[in-house]
Structures are given as C-alpha cells and as structure tokens.
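Since the structure comes first, as structure tokens, the remarks are kept for the end.
The values are calculated or read from the model by the stated rules, or taken from the named source; none is laboratory data. Since the model is a prediction, treat every value here as computed from it, not as a measurement. FYI the Cβ positions are ideal-geometry reconstructions off the backbone, even for glycines, and counts take in every protein chain you see.
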Amino acid sequence: MKERIESFDFIRAICAWIIVVYHFADICITTPQFTNFPFFYTYANGRWGETTVVTIFFMISGASLYYNHPVIHLRDAKKFFWTRFKGIFPMFYMLWLFLYYKQVCGVKHLFYNGNPKYLLLTLFGMDGYMSYRYTPNYYFIGEWFLGALILLYLCYPLLTWCMEHAKILTTLVLLGGFASLYFTDFFMISKERNLITCLLAFWLGMLFIRYRSILTKWQLVIPAAVCAVILLFFPLGADMLLCMQFTSIALFFVFYFVGNYVMKIKYVNSFIRYSSKISYAVFLLQHVVMSEVIHAFDNYALTIKQELLVLLAVFAAIYVLAAVLMVLNRALLGTRPFQVLDAFFGKTKEA
C-alpha cells in the first residue's frame, strides 16, 4: 500500500474552490447591476480560472496518476481505462441526462438544439472541449477541461512508456510543440486549450512527482514563492499565456509544500480530504448551481458584502448536491450491470 500524499488532496481542494470563485466573479462582472467581485478573477499577469488553476489541476492529475500507476502494461490497459471511465462518466451522464430531460420538457423537442449527431460529442464527454468547433450542441455541464482530461487519460499509457524510455526527448518535444503554437494558425482551438498545452502540464506533473523529493526543499520552494508573488502582484507586460503557465508551476510547488503542513491540522485535514474527494462533482455542478443561485438575485443591485453571502450559499448548495451525486454514483456503480462490467473489464491478462 503506497503512502498517501495528502498534498494532492490540498491542491485538488484549492483548485476546486478557486475555480468556483472565479466563475462566480465572472457572472458578477458580466451582470451590470452587480458589483464587480474582486477576488480570484484576475491577477497582475493573467486570469485565475481560464488557464492558471486548470493547468494546476492537469499537473496534479498527472502527478497523482503517475504516483499510483507509474507503469501501464498492455495486459493492464483494459482495467486502467475502465477505472478511468467509472471515475468520469457515470456522474457526468447522470447529471447531463437530468438537465437534458428538464430542457426537453420545457421546449417539447428532443433535438431542440440542432442535428442529433452532436449528441455523440456528449456521449464521449467532448461537447465542452469541442464547442469551439461544433455549435450549436447539447453542452450543459462540465468544463472544456473535461474533454481535455479524457484525451490525456487516453494518452497516459504512452506517456508512462515515454517516462521510462524517452523522458528528455518527450519533454523537449512538448516544449517545442508549445512554442510552435505561437507561430502557426493551424489549430482552431485557443492556445491555452490546445491538447499540446494540456499535455505539457500533465507531463510536468508526472515529472514533478517522479522527483518529488525536491518538492519539499526550501531551495525550490522559496524561489517558487517569490516567482508566484511577482507574477500575481506585479504587471510584467509579458505574454499572458506564458505568465499563467509559470504562475501555475510556481503555485504547484508552493501548494504542495504548504499542503504538507496544513494537512497535519486534524479538522482541517478532514474537510480538505472530503473536498478533494468531491472535487470532480464540484467541477460538474458549479455552473448549473451557480447560475440558479446567483440569477435569483438579478433584480437586485448587489454589493460586495451581499455577493459574499450569495457565494457562501453557492458553496453550500454545491457541497450538498455534490454529496447527493456521489451517493447516487456509488449506488449506480453497485448495480448488477456495473458488477458484470467490473468482472469483465476489471480483470487483467496474465503476464
């Protein structure tokens, strides 16, 4: 049994909280009668939600996956992908089907938003990630990051091979691919959502945990903290995407280090571990819950203090519904059809 790295829980929880506040601030800023919410929307050299926190999330995903599954043999691939499927799709399908049913009942039409072939994007969890190209579609929940995460999981067995046999070359190729995004118009998707950018963050997380002994050294953490302070509070006039990438890396080091100490506090530890456990459900629910709660106050001119109270209500609603979604997910995974699928996909071939 591997030692639990509690800094992983700390980073996941922090990412979930910041992304909720970021989207809450975005709604406040784009709603004329609300006061601009001043927390966790932008910083001196970038934005919190669009790239910074999502990049940290990809890093922690790569790091935790590599820590627990450093090698994926061909005989284990079926079980690996089935485990990833169970972690993503049952909750996604349940929430999406509920919202789709609600929408269909309102408009009285199954294919109210165009060609039904675009429902295939939803089936594979790619509607958010591909929405830049295929609109209108049936996109309700999740973030664009969900589609990117699915693609990263599909790439992961290859990445483990690269880590063992070609880590320097792979690092250089990904860095070169990221740099090439500044010199080509080939990709329609924005640079921060490009799979190359996401792969680089995911790969860096794998590298960081491979050499995790350095993550708790003052010689690394102090420069990272200084770098983070400069990027967060002092405008540099440099390329925003690059600044956000460096901010994400610096904050990853800082959060990992701080997490080692925060998670030693008993009651804080319990809450953060629970928040980490439901973080995926939080990501799925946030837009839906937030829209319902905050737009209930559209007829009011909210002050910052009032917005803070609404934000607390948003968090409370998200946590309650996330707990419900987790219970439903466990019940679904315990049904006979899933047990049969577990018996088939959960087996690994003999070496």
Just wondering, is there one or more residues in region 85-99 that are among the charged types (D, E, K, R), more than 26 Å from the chain's Cα centre (by Cα) and either on the phi > 0 side of the Ramachandran plot or surrounded by 12 or more Cβ atoms within 10 Å (Cβ to Cβ) (or both)? no
Select, from W203, W161, the only residue that is hydrophobic (A, V, I, L, M, F, W, C) and surrounded by 18 or more Cβ atoms within 10 Å (Cβ to Cβ). W203
With the checklist (1) in a helix (DSSP H, G or I); (2) under 28 Å from F315 (Cα atoms) in hand, flag the one item Y300 doesn't pass. (1)
Test: Y134 is touching a residue at least 40 places away in the same chain (Cβ under 8 Å) and under 30 Å from N115 (Cβ atoms): no
Does L121 satisfy the condition of being modelled with pLDDT of 95 or more and of a type in the set (A, V, I, L, M)? no
Would you pick out the residues in region 174-188 that are surrounded by 12 or more Cβ atoms within 10 Å (Cβ to Cβ) and assigned to a loop (DSSP other than H, G, I, E, B)? L181, F187
If you go through region 126-136 one residue at a time, how many are modelled with pLDDT under 80 and either not hydroxyl-bearing (S, T, Y) or not in a loop (DSSP other than H, G, I, E, B) (or both)? 1
Just wondering, is there one or more residues in region 232-240 that are more than 25 Å from the chain's Cα centre (by Cα), at positive phi and surrounded by fewer than 14 Cβ atoms within 10 Å (Cβ to Cβ)? yes
Residue in region 189-200 that is part of a helix (DSSP H, G or I), farther than 22 Å from F283 by Cβ and without any contact (Cβ under 8 Å) to a residue 24 or more places away in the chain present: yes
Of the residues in region 1-21, how many are surrounded by fewer than 23 Cβ atoms within 10 Å (Cβ to Cβ) and under 17 Å from Y43 (Cα atoms)? 3
Select, from Y67, Y112, the only residue that is surrounded by fewer than 20 Cβ atoms within 10 Å (Cβ to Cβ), under 21 Å from the mean Cα position of the chain (by Cα) and not charged (D, E, K, R). Y67
Any pair with Cβ under 9 angstrom, 6 or more apart, that starts in region 310-339 at a residue that is surrounded by 12 or more Cβ atoms within 10 Å (Cβ to Cβ) and ends at one that is of a type in the set (D, E, K, R): A317/E292; M326/K277; N329/K86; L333/K86; L333/D342; F338/K86
Is region 82-92 home to any residue that is closer than 18 Å to Q286 by Cβ, touching a Lys or Arg at 6+ places or on another chain (Cβ under 9 Å) and not polar (S, T, N, Q)? no
Count, please, the residues in region 162-173 that happen to be in a helix (DSSP H, G or I) and either touching a residue at least 60 places away in the same chain (Cβ under 8 Å) or among the small types (G, A, S) (or both). 2
If I filter region 130-151 for residues that are within 21 Å of S64 (Cβ to Cβ), loosely packed, with under 14 Cβ neighbours inside 10 Å and not basic (K, R), do I get at least one hit? no
